[in-house]
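Here is the structure we will look at, set down as structure tokens.
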Amino acid sequence: MTTATEPYVLNIGPQHPSTHGVFRLRVVMDGERIQDMDMVVGYLHRSMEKLAEERTYTQNIPFTDRADYLAAMSGNLGYCLAVEMLSGVEVPERASYLRVIFAELQRIASHSMANGTFVNDAGAWQTPLMYMFRERERILDLFEMTGGARLTTNYMRIGGVAFDPPPEFFPAIESLVSDLPDRIDEYAELLIDNEILLARSRGVGTITAEDAINGSLSGPMLRGSGVPWDLRKAEPYCVYDRMDFDIPVGRNGDAYDRFLVRLEEVRQSTKIIQQALDALPAGPHKTDTPLALRPEPGEAYGRVEGPRGELGFYVVSDGGSAPFRFHIRAPSLINLSLLREMAIGASLPDAIVALGSVDIVVGEIDR
Amino acid sequence: MNSTLRQGRRRPAAKVPLGLMIVGAVFALGFLAVNAAIGYVVIDGRLDGQWYDIRDLGIAVEELKVQLDAINDDQPSFLDDIVGQHWMSYAVGALLGAIGILSFIGGALLALIWIERRLIGRMQIRRGPNRVGPYGLLQPVADAVKLIQKEVLMPDGADRILFLLPPAIIFVPMMAAWGPVPWAPQMAYLDINVGVLYLIAVSSLTTLAVFLAGWASNNHYALLGSMRTVAMMISYEIPLSIALLSVVLITGSMQLSEIVQWQADHNLWLAALLPIAMLTYFFSSTAELNRTPNDIAEAESEIVAGFHTEYSGMKFGLFYAVELGNALLVATLVATFFLGGWSLFGLEEWIPGYLILFAKLSAAYFVLVWLRGTLPRFRLDQLMRFAWQYLIPLSLFNLIIVAVEASLLARWDAPGLVSLGLFTIVNWGAAYILFRDWARRIGYQPDAGGPRRAELTQQVGGIEAAHRMGTAT
Amino acid sequence: MPAGPRQLTGDTVASALSAALPGAVATATAEWVEVEPARILDALRWLHDDAEMDAKQLSNLCAVDRHDRFEVVYHLQSMDRNHQIVVKAVVGEHDDPALPSCYPVYKGALLQEREVYDLMGIRFEGHPDLRRMFLWEGYPGFPLRKDFLQIPDHHPGLPKFPFEEPGVQAR
Amino acid sequence: MESLGIIVAFYLLSAIAVGGAIGVFLASDLIRALAFLVLSFIATAGLFLTLSGDFIAIAQILIYAGAIPVLIVFAVMLAPLAGRNNGNGLYLVPGLALGAAVAVTVAFVAVDVEWNELSGALLAERDFATTAGAIGDALVGRYVLAFEIASVLLLAALIGAIVLVREDEAT
Amino acid sequence: MTVDLAHYLTVSGLLFGVGISIALAKRNAIAVLMGIELMLNAVNLSFLSFSRFSGAFAIKDNPLDGHVFVVFVLTVAAAEAAVALALSVLIYRRRETVDLDRINLLRW
């Protein structure tokens, strides 16, 4: 015997503090409990995949900035790798190292943002977010120093990177890298043992390892569920095979574990950057490729381990100067495959925390 | 014009019809009249002259009243017959007290917005408001001007009368609760003998205003927020009242000035004597206030703004002001009940009592801001469980201990240093044992849930690797 | 030539697949294996369950419009074996293409198939929740198709969000 | 009771109290009726103040204006499908008639009887600086049995209410 | 011009009358409860006024008896409200209505 209640529909978003953009959840609620959920996306849809069919390969690089605007470098890198695979362009060694450095910097920036907003979603009134922004700010300064842009960097090129870093870049990144471990310890101290954060995120949005694999999850979502899968180790691109780093893995597959994994990945990224800086060879930063590249007909699927997971670019060429088909495998979108199962039966605050732990970027969901 | 089109268009700003204005005016006048009537009875003092006296608002006011009485005696007026002998001094005293409280709250609200935002800014390694005026001091004024200028929207389908009422009526308890606060010896606006009960009663009125605001908005977020508020407020009123009850037991009075006087006489702050009551009161107050970590009623990341989601402009401003005013009130009450109020171990002879109280309330307020700048938010069910399973039993235990102590204190004439010192030690011991053991008893395990570090590995693989590492769930 | 570093050659997969499911493989190249569209679900299930193939994750699903037919491309990967398998299914029908959904095998196909349906118009039969995703219900045509811009009455003036009625200007 | 202030306060508060009660009758919606009810209760608390009942007035605000409306709110919200209509039932006319009869009778008796009024003389003579202490003394002195019974009643009501609305796990 | 016992009793009677009307006429169980609360309130008012004007009566030793009774009435009112609302919620669960005209069987 339960109380007959009236389920009602709640629209979370498209304008809502915790949807991180124009993302909408249509939730059927019974009191505070979620009975059913439907996600409505597309408010930011720019049809990049169609637009890319009209532009040359080089002209498409900026699209990859604007898909996942919090991890533009990773997007650049994935796309460039795919096109290089398609056209057989060789990349100079220095460029590979620079790519690793910038991709890892981008990962730190993105994970800082993700962890900050996650704790914010759990109710901390912006303080962790602001602290995490401190590091992100310095990283974006480095981007600006090198490529001239902070958010949409457009830095990687087919066959290398656009610019060699200026001389003042290296002292700045050295000081950042030496500061970072202390900062991470500070966050760990501040947040890991916080009882309220534990109470809010332990056991929330749990995904088993089987489900995570079957649901096509990737990145920290997958590793949080206990699967030690990281493309940087499994399918090393650039010079990751020369780097020494660990894969952080969670044990319970809940929101808290994803948070832990992201926190630990920042530490590992710092290690990678340090190694890459130490081993950075001299030489050209770019090979000369024709501006209107015309790869042989064929197809390539280049993928990198982006901050949010497997960031894949499926590029099909018909021999023309524009891709015949350009598809972005968007981890933000695919990580949402199991959101409905996580949310049903949970209460509203739990669902918000679960959503926050997925770490979506709406620009990438909609593309 | 077809109906589909009309759906898509937003209705223009609510134009308040004449009938509504009349009803509103009647309500407002009604409330004013109730207040005035109560106030009259209060200042009348006719109920035996000393019930609800305006106690002295400091010596200056006292002096003024004596002189006014002299004038009154010299020149009898027709008013003497109908409103009592010393009406002039009562009226002036009441006026001064009311103006004093109003201007304190008004000034404090403006200052607090700035202080809170600057403080939180510092805690979040940023600067806070620094553009309007020197050091951004005029930011609250600018905010207020902006809020006043904003269009007031009313949602479609809102209950218009009940939508407009709550911002006004929620102000009444906030202001009224300031009455019994003693600012110095002999300086309280409404030093009634049932002060503690009065505070609880008045603050319980807020609940209904909040509920009406959420219900009348015709918005799910608002309704969720208001139901959460109501559930939480009535839950936390219980430990709050029990905590105050132990204060009343030990001091033997419900009058706030007496409670402070007791602490001054014994040179002992109740925070030292009653740690459980203090912590219970403080935590419950944050729940009543909707402040972190208990701000689930207006949890921004979940239900946008809770019960005042749909309020814009100055109506929102009123809610905001009430929230801040209540936070200040709680800080004041903590200072009064547990931190010795205007007393400071004899220093009150030299420093005006209200300055001491202000310093203490600022300290308590700082703790509130600190909490807000630091902690995440609990979930509704966690908070309710915390109230019912943890705080209420604890405060009941505490009440029993305090009752025994109070009756001992009444019978045993050991010197205060011995008896109260003993009780302090006993209470701290009890607090330590209770806080720890009760938490364990209701199933709290600090290390539950596995390690708090991510596992580091060099392996790569899928489900098999996960099983091999033992991390698969 | 442009195959991923860990990609199994299509021929290897094709021989294993046709041994297990005779007649399922249509063609195979060095890069991918093409499966008969009607048997795609069986093939994927076999690849998922088989210990050697072990394709436990559907890492990417997308479709390519080849003007007269659609290619649906499945990038599968095995994490334990650390290899990648590319499977294709060709849908010959261009006006109303349909294919069995692989949701029963891979839950991760939920949103990816919806996206393909939304932008390419391939109906995945058996998908539990096949609706438009980025575009609204009733949006004419499927924009990623190569002939999208040639459909009459599309360009310009893609009409209207659902609550707008034709001919009425929203204020 | 001849001071002008008391007289004005009495008439004003009585008007609000009775008006609020009538509002409860006339309101079309339960929540509005509740708002009127609270208004009436607060005015009654004011009336208590004019009757020197300081403790009672504040207890009235605490219980009638603070606690019981919240209970009612919960009851209304827990019965969402029952509607919040404050409509009249079958007994409208008899109810009104009986109410009017009672009111008229009481008023008539009250006005007609010579009460031999000694306004407050006893209270003044006893010089209660405060009623709270005296009420407390009476409760644990002369009325201690009733007090205990009341506490048992409250406990019984508490348990009864919990038992009534408890949701059985099994069914 | 004075205000005396008769005035208070009249107000009390009016409140009681309105309370009775509500309790009898309303269909919704919760509204009926509101009527009952109003009646109790009216009774409290008369208790207090008798207490205040208690010089009119013989029992002179305990002028605060009225106040004590009001305390008991408040107690009973709280208990009664809790139980009655619990009952209405229970009835609602069984019958999905709190309409008293439709709760006419002595069973549910």
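May I ask you to list the residues in segment B:252-289 that are surrounded by 24 or more Cβ atoms within 10 Å (Cβ to Cβ) and without any contact (Cβ under 8 Å) to a residue 60 or more places away in the chain?
Once the filter is applied, which keeps residues that are surrounded by 24 or more Cβ atoms within 10 Å (Cβ to Cβ) and without any contact (Cβ under 8 Å) to a residue 60 or more places away in the chain, segment B:252-289 yields B:TYR281, B:SER285.
So, in segment C:49-71, of the ones that are closer than 17 Å to C:ASP95 by Cβ and in contact with a helix residue (DSSP H, G or I) (Cβ under 7 Å, 6 or more places away or on another chain), which residue ends up surrounded by the most Cβ atoms within 10 Å (Cβ to Cβ)?
So, considering only residues that are closer than 17 Å to C:ASP95 by Cβ and in contact with a helix residue (DSSP H, G or I) (Cβ under 7 Å, 6 or more places away or on another chain), the one surrounded by the most Cβ atoms within 10 Å (Cβ to Cβ) is C:ALA63.
So if I check each of C:ALA38, C:ALA43, C:ALA26, C:ALA63, which one is within 10 Å of chain A (Cβ to nearest Cβ) and outside any loop (DSSP other than H, G, I, E, B)?
After ruling out the rest, the residue left standing is C:ALA63.
Looking at segment B:456-463, can you tell me whether even one residue there is within 14 Å of chain C (Cβ to nearest Cβ), in a helix (DSSP H, G or I) and within 28 Å of A:ALA209 (Cα to Cα)?
Yes; the residues of segment B:456-463 include at least one that is within 14 Å of chain C (Cβ to nearest Cβ), in a helix (DSSP H, G or I) and within 28 Å of A:ALA209 (Cα to Cα).
Only one of these is more than 14 Å from chain A (Cβ to nearest Cβ), open to solvent by less than 10 Å² (accessible area, probe 1.4 Å) and either part of a helix (DSSP H, G or I) or within 25 Å of B:GLY225 (Cα to Cα) (or both): B:THR336, B:THR292. Name it.
Just a single option satisfies the conditions, and that option is B:THR336.
Within segment A:230-253, how many residues turn out to be open to solvent by 10 Å² or more (accessible area, probe 1.4 Å) and at the interface with another protein chain (Cβ under 7 Å from one of its Cβ atoms)? Steps first, answer last, please.
As a first pass, look at segment A:230-253 and keep what is open to solvent by 10 Å² or more (accessible area, probe 1.4 Å): A:233, A:235-238, A:241-244, A:246, A:251-252.
Subset that is at the interface with another protein chain (Cβ under 7 Å from one of its Cβ atoms): A:233, A:235, A:246, A:251-252.
Here the count works out to 5.
Of the residues B:GLY157, B:GLY93, B:GLY106, B:GLY84, which single one is at pLDDT below 80 and assigned by TED's automatic domain parsing to the domain that holds B:TYR320?
B:GLY157
Table: residues versus (1) within 14 Å of chain B (Cβ to nearest Cβ); (2) of a type in the set (Gly, Ala, Ser); (3) open to solvent by 10 Å² or more (accessible area, probe 1.4 Å); (4) in contact (Cβ under 8 Å) with a residue 12 or more places away in the chain.
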residue	(1), (2), (3), (4)
A:ILE273	no, no, no, yes
A:LEU277	no, no, yes, yes
A:LEU291	no, no, yes, yes
A:PRO297	no, no, yes, yes
A:GLY320	no, yes, yes, yes
A:ILE328	no, no, no, yes
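Looking only at segment B:443-462, which residues are of a type outside the set (S, T, N, Q) and open to solvent by 70 Å² or more (accessible area, probe 1.4 Å)?
Answer for segment B:443-462, where residues must be of a type outside the set (S, T, N, Q) and open to solvent by 70 Å² or more (accessible area, probe 1.4 Å): B:TYR444, B:ASP447, B:ARG453, B:LEU456.
Using the structure shown, decide if B:SER253 is touching a Leu at 6+ places or on another chain (Cβ under 7 Å) and in the same structural domain as B:ARG377 (by TED's automatic domain parsing).
Details: touching a Leu at 6+ places or on another chain (Cβ under 7 Å): no; in the same structural domain as B:ARG377 (by TED's automatic domain parsing): yes.
Criteria not met by B:SER253.
Identify all residues within segment D:136-147 that are more than 8 Å from every other protein chain (Cβ to nearest Cβ) and either more than 22 Å from the chain's Cα centre (by Cα) or not in a helix (DSSP H, G or I) (or both); write none if there are none.
Answer for segment D:136-147, where residues must be more than 8 Å from every other protein chain (Cβ to nearest Cβ) and either more than 22 Å from the chain's Cα centre (by Cα) or not in a helix (DSSP H, G or I) (or both): D:ASP137, D:VAL140, D:GLY141, D:VAL144, D:LEU145.
Would you mention how many residues in segment B:156-195 are more than 14 Å from every other protein chain (Cβ to nearest Cβ), more than 23 Å from D:SER52 (Cβ to Cβ), not β-branched (Val, Ile, Thr) and not in a strand (DSSP E or B)?
Going through segment B:156-195 one residue at a time, the tally reaches 10.
From the list A:GLU84, A:GLU49, exactly one residue is open to solvent by less than 20 Å² (accessible area, probe 1.4 Å), in contact with a His (Cβ under 8 Å, 6 or more places away or on another chain) and not β-branched (Val, Ile, Thr). Which is it?
Exactly one of A:GLU84, A:GLU49 is open to solvent by less than 20 Å² (accessible area, probe 1.4 Å), in contact with a His (Cβ under 8 Å, 6 or more places away or on another chain) and not β-branched (Val, Ile, Thr), namely A:GLU49.
Name the one entry in B:LEU162, B:LEU190 that is open to solvent by less than 60 Å² (accessible area, probe 1.4 Å) and farther than 25 Å from B:ALA327 by Cβ.
Of the residues listed, the single one that is open to solvent by less than 60 Å² (accessible area, probe 1.4 Å) and farther than 25 Å from B:ALA327 by Cβ is B:LEU162.
Quick check on segment D:90-111. Is at least one of its residues at pLDDT below 70, within 7 Å of chain E (Cβ to nearest Cβ) and open to solvent by 90 Å² or more (accessible area, probe 1.4 Å)?
Initially, segment D:90-111 is screened for residues at pLDDT below 70, giving none.
The answer is no; no qualifying residue exists.
If you go through segment B:114-137 one residue at a time, how many are open to solvent by 40 Å² or more (accessible area, probe 1.4 Å) and either touching a helix residue (DSSP H, G or I) at 6+ places or on another chain (Cβ under 9 Å) or assigned by TED's automatic domain parsing to the domain that holds B:TRP370 (or both)?
Residues in segment B:114-137 being open to solvent by 40 Å² or more (accessible area, probe 1.4 Å) and either touching a helix residue (DSSP H, G or I) at 6+ places or on another chain (Cβ under 9 Å) or assigned by TED's automatic domain parsing to the domain that holds B:TRP370 (or both): 14 in total.
Got at least one residue in segment B:417-430 being buried (at least 16 other Cβ atoms within 10 Å of the Cβ) and either within 14 Å of chain A (Cβ to nearest Cβ) or of a type in the set (D, E, K, R) (or both)?
Scanning segment B:417-430, I find no residue that is buried (at least 16 other Cβ atoms within 10 Å of the Cβ) and either within 14 Å of chain A (Cβ to nearest Cβ) or of a type in the set (D, E, K, R) (or both), so the answer is no.
Among D:ALA132, D:ALA146, D:ALA82, which is the only one that is more than 18 Å from E:ALA86 (Cβ to Cβ), surrounded by 15 or more Cβ atoms within 10 Å (Cβ to Cβ) and at pLDDT below 80?
The conditions single out D:ALA132.
In this structure, does B:ALA414 turn out to be of a type in the set (Gly, Ala, Ser) and within 27 Å of A:MET243 (Cβ to Cβ)?
Criteria not met by B:ALA414.
Against the definition (away from chain D (no Cβ under 11 Å) and either open to solvent by 20 Å² or more (accessible area, probe 1.4 Å) or in contact with a helix residue (DSSP H, G or I) (Cβ under 6 Å, 6 or more places away or on another chain) (or both)), how does B:LEU223 come out, yes or no?
No; evaluated as a whole, the condition is false for this residue.
Give the residues of segment C:69-122 that are of a type in the set (Gly, Ala, Ser) and not in a strand (DSSP E or B), sorted by residue number.
Across segment C:69-122, the qualifying residues are C:GLY92, C:SER101, C:GLY108, C:ALA109, C:GLY121.
The values are calculated or read from the model by the stated rules, or taken from the named source; none is laboratory data. Note that the structure is a prediction, hence the values are computed from the model and not measured. Don't worry about glycine lacking a Cβ; one is built from the backbone with ideal geometry, like all the others, and counts go over all protein chains shown. Side chains included, ligands, DNA and RNA excluded: accessible areas come from the protein's heavy atoms. Shrake-Rupley method; radii C 1.70, N 1.55, O 1.52, S 1.80 Å.
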